[in-house]
1. Dipole magnitude of the stretch 3-115 about its Cα centre, charges +1 at Lys/Arg Cβ and -1 at Asp/Glu Cβ only, in debye to the nearest 20?
2. Are there chymotrypsin sites (Phe, Trp or Tyr not before Pro) in the stretch 35-116 that DSSP puts in a loop and that have at most 15 other Cβ atoms within 10 Å, and which ones?
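Just so you know, all these numbers are worked out from the coordinates, no wet-lab data involved. Please read all numbers here as calculations on a predicted model, not as lab measurements. Glycine also receives a Cβ, built like all others from the backbone with ideal geometry; neighbour counts cover every protein chain displayed.
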Amino acid sequence: MWLPLNYLLIEALERYHHFYGDAFTMEFPTGSGVRMNLSEIAAELSRRLVTLFLPNGGGRRPALGMEARFVNDPHWQGLLWFHEYFHGDTGQGLGADHQTGWTALVAELIEKESRE
């Protein structure tokens, strides 16, 4: 999964929602039977991207994989690595790390979520 492409998709869904409004809905996720408007789909996709960087119940951040030092070592606990891309099933960061140029777009999604 490449974060910049997902970011562009979220932005496009928000713009299409501005045009079509709440009446236009789609099934999301596919096969679920749940219908959402485009703004709601964009918000859900955004939430999913943001959760890659948030600690889960066990203190692990999916983007950091199974690295114990990010959970157990106080010198590493607050560090976030922005990888080039992410595993589609686990969310673990892959490729080059410290890709703050593109992957830092998640900060925009976090800010947007905090305003709503």
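1. The calculated dipole for the stretch 3-115 is roughly 160 debye.
2. In loop regions of the stretch 35-116 (DSSP not H, G, I, E or B), the sparsely surrounded chymotrypsin sites (Phe, Trp or Tyr not before Pro) are Trp76, Trp102.
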